[in-house]
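Only one structure is covered here, and it is reproduced in the block below.
The values are calculated or read from the model by the stated rules, or taken from the named source; none is laboratory data. What you see is a predicted model; the values in this text were computed from it and never measured. Here the Cβ positions follow ideal geometry from the backbone for every residue, glycine too, while neighbour counts run over all protein chains shown. For the accessible areas, the whole protein counts, side chains as well, though only heavy atoms, and no ligand, DNA or RNA atoms are used. Shrake-Rupley method; radii C 1.70, N 1.55, O 1.52, S 1.80 Å.
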Amino acid sequence: FWNYFKQKLKENLTPVSFNTWVGSAEPLFIEGNDIHIAVPTELHKDYWERHYAEEVAIYSYKFNGIELNPIIETQEEHAKKEQPENIAPKQTNNNDSEKSGHVFHNSHLNPKYTFDSFITGSGNQMAHAAALAVAEEPGVIYNPLFIYGGVGLGKTHLMQAIGHQMIKIEPGAKVKYVTSETFANDFINSIQTRTQDDFRQEYRNVDLLLIDDIQFFAEKEGTQEEFFHTFNELHDNGKQIVMTSDRLPNEIPKLQERLVSRFKWGLSVDITAPDLETRIAILRNKAEAEHLEIPNDTLSYIAEQVDTNVRELEGALIRVQAYSTLKNADITKSIAADALKLFKLSKEKKGLSIAKIQNKVAKYYHVSINDLKGKKRVKTIVVPRQIAMYLSRELTDRSLPQIGMEFGGKDHTTVMHSCDKIAELVVSDNDIKMAINELKDELRN
Ligand code: ADP
Ligand code: MG
């Protein structure tokens, strides 16, 4: 995102402004929807807060549908904060994230994701109850606990709440939270560096293991094998395992049958989209946490606009907040309506179907739909195919595996690769950039 963001600003700034304000800023890490950014001085900070806060939200939303809220700190403030944290053992093997500039360290829990801050409603009541039960009696009742549901509905939040709660009850408890990708990376790393014993020690010597987004185990044979043993060891010793996924275990492609059957030993609960009352309650809670004064009718209004994804709901609130600050006005229904116009536009875009995107791209490049869905590796087809996948990712809210399915049953990693590829070309290749812009315009109408 950072590279994309810089590129966008570069287009509108003189080189000197760009270098002074943007070039000197350094993205630190992302936590929840907050992106922490370090800048050289107080003056830079002041400038950033006045000029770029809105831009960060808008471009991060354009980039991947998540509105990031920038937290600006001076290098000095950052250095002060860093010191005590440095004492904690650092993860050694996050090569990928370090290279690409954004650091997602998942070794610790996000302090915001507690039961206290989790609002319950019809869509998540069951998952919430199961999670709390597991935190109170780990390893006893539901082992493993498997939480599944769509994007942005609170799976990660709930999972981490279990970790917090368990530590609260039993301060010495060993809790480990990782995404399935981190687990896989750690495992691969341990093979490369011949430190498999350390790896096992780290993962098998815990009281609670939280593995997020386990659908990304699809296809990873070796990792599944290792996880199978990790799982058995923990389960045999009465240690609690909690997993999340965007779907049920038996719907995860290429997940080994023996894992599927083990995941069914415990309890699977789903989270579905929150109803209006719950959405209002979530917003109210969030507004209070941020000390925002928002009248009830305005809260209801915002909750009505965003109905499928709590992360977007929070994004909407951030947008309204940013807009009211910009306008120097109290948050009212009409301010909210103005602020959310852009948001709604992007919501409408999401009504697009992948079929429609394929159609447009096929016509644009004079290739057949079958070629887009097929496997031919000639450049005249590969590029349009990748573009169609990229647009499907950008303009719809379908997941990577879902997009893969619509392209003749391709793997989600293929889709991911295509999207990355085009995202790169969009900045470096003018023809591609123009084509994408034209296609987007046409698709919007
Ligand atoms: P998922 O892992 O399912 O994609 P997350 O757990 O990341 O979703 O949730 C997205 C955002 O929405 C987080 O900021 C989370 O705190 C918030 N959220 C989701 N559900 C709730 C809820 N019931 N109450 C309060 N906040 C919620
Ligand atoms: Mg999640």
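Is one or more of the residues making up the range 129-136 part of a helix (DSSP H, G or I) and at pLDDT below 80?
Here is the first cut: in the range 129-136, the residues part of a helix (DSSP H, G or I) are 129-136.
Still in the running and at pLDDT below 80: none.
Within the range 129-136 (the criterion being part of a helix (DSSP H, G or I) and at pLDDT below 80), the answer is no, since none of the residues qualifies.
Is it the case that Leu248 is among the aliphatic types (A, V, I, L, M), over 24 Å from Ala129 (Cβ atoms) and modelled with pLDDT under 95? Against the criterion (among the aliphatic types (A, V, I, L, M), over 24 Å from Ala129 (Cβ atoms) and modelled with pLDDT under 95), Leu248 does not qualify. The selection criterion, being closer than 24 Å to Asn250 by Cβ and either out of contact with any Ser or Thr (no Cβ under 7 Å at 6 or more places or on another chain) or surrounded by 20 or more Cβ atoms within 10 Å (Cβ to Cβ) (or both), does not hold for Val140. Is at least one residue of the range 38-57 part of a helix (DSSP H, G or I), touching a residue at least 40 places away in the same chain (Cβ under 8 Å), touching an Asp or Glu at 6+ places or on another chain (Cβ under 6 Å) and buried (at least 18 other Cβ atoms within 10 Å of the Cβ)? Yes, the range 38-57 contains a residue that is part of a helix (DSSP H, G or I), touching a residue at least 40 places away in the same chain (Cβ under 8 Å), touching an Asp or Glu at 6+ places or on another chain (Cβ under 6 Å) and buried (at least 18 other Cβ atoms within 10 Å of the Cβ). For the range 191-214, filtered to residues that are farther than 16 Å from His108 by Cβ and crowded, with 20+ Cβ neighbours inside 10 Å, the residue that is nearest to ligand 2 (Cβ to nearest atom) is Ile214. Search the range 394-405 for residues that are open to solvent by 40 Å² or more (accessible area, probe 1.4 Å) and pair each with any residue that is among the small types (Gly, Ala, Ser) and part of a loop (DSSP other than H, G, I, E, B) when their beta-carbon atoms are under 7 Å apart and the residues are at least 6 apart or on different chains. From the range 394-405, no pairs qualify. Restricting attention to the range 1-32, the residues being at pLDDT below 85 and touching an Asp or Glu at 6+ places or on another chain (Cβ under 9 Å) number 1. Residues in the range 143-192 that are among the hydrophobic types (A, V, I, L, M, F, W, C), away from ligand 1 (no atom under 13 Å from the Cβ) and within 25 Å of Ser399 (Cβ to Cβ): Leu145, Phe146, Val178, Phe183, Ala184, Phe187, Ile188.
Mind listing just one residue for me: the one in the range 307-330 that is part of a loop (DSSP other than H, G, I, E, B) and farther than 19 Å from Asp34 by Cβ and, of those, least open to solvent (accessible area, probe 1.4 Å)? Result: Ala329. Against the criterion of being closer than 28 Å to Leu255 by Cα, in contact (Cβ under 8 Å) with a residue 60 or more places away in the chain and either open to solvent by 70 Å² or more (accessible area, probe 1.4 Å) or of a type in the set (Val, Ile, Thr) (or both), Asp411 does not qualify.
If you filter the range 215-245 down to residues that are touching a Pro at 6+ places or on another chain (Cβ under 9 Å) and modelled with pLDDT under 95, you find that the one that is most open to solvent (accessible area, probe 1.4 Å) is Glu219. Each residue in the range 193-222 was checked for being farther than 22 Å from Gln402 by Cβ and either more than 16 Å from ligand 1 (Cβ to nearest atom) or acidic (Asp, Glu) (or both), and 19 of them qualify.
Applying the criterion of being open to solvent by less than 20 Å² (accessible area, probe 1.4 Å), in contact with a Ser or Thr (Cβ under 7 Å, 6 or more places away or on another chain) and within 18 Å of Phe115 (Cα to Cα) to the residues of the range 157-190, the residue that is modelled with the highest pLDDT is Met159.
Quick one: count up the residues across the range 58-75 that are open to solvent by less than 50 Å² (accessible area, probe 1.4 Å), in contact with a strand residue (DSSP E or B) (Cβ under 8 Å, 6 or more places away or on another chain) and at pLDDT below 85. Give the steps one after another, and end with the answer.
Narrowing the range 58-75 to residues open to solvent by less than 50 Å² (accessible area, probe 1.4 Å): 58-61, 65-70, 72-74.
Next, only the ones that are in contact with a strand residue (DSSP E or B) (Cβ under 8 Å, 6 or more places away or on another chain) stay: 60, 68-70, 72-74.
Keeping just the survivors that are at pLDDT below 85 gives 74.
The total comes to 1.
Screening Leu259 on (1) within 14 Å of ligand 1 (Cβ to nearest atom); (2) under 25 Å from Ala133 (Cα atoms); (3) open to solvent by less than 30 Å² (accessible area, probe 1.4 Å) shows it passes everything except condition (1).
Of the set (1) part of a helix (DSSP H, G or I); (2) under 19 Å from Asn33 (Cα atoms); (3) open to solvent by 70 Å² or more (accessible area, probe 1.4 Å), all apply to Ala287 but (3).
Give Thr278, Thr298 a once-over and let me know the one that is over 21 Å from the mean Cα position of the chain (by Cα) and buried (at least 21 other Cβ atoms within 10 Å of the Cβ). So that I can check it myself, show each step before the final result.
Details: Thr278 fails: buried (at least 21 other Cβ atoms within 10 Å of the Cβ).
Thr298 is the lone residue from the list that is over 21 Å from the mean Cα position of the chain (by Cα) and buried (at least 21 other Cβ atoms within 10 Å of the Cβ).
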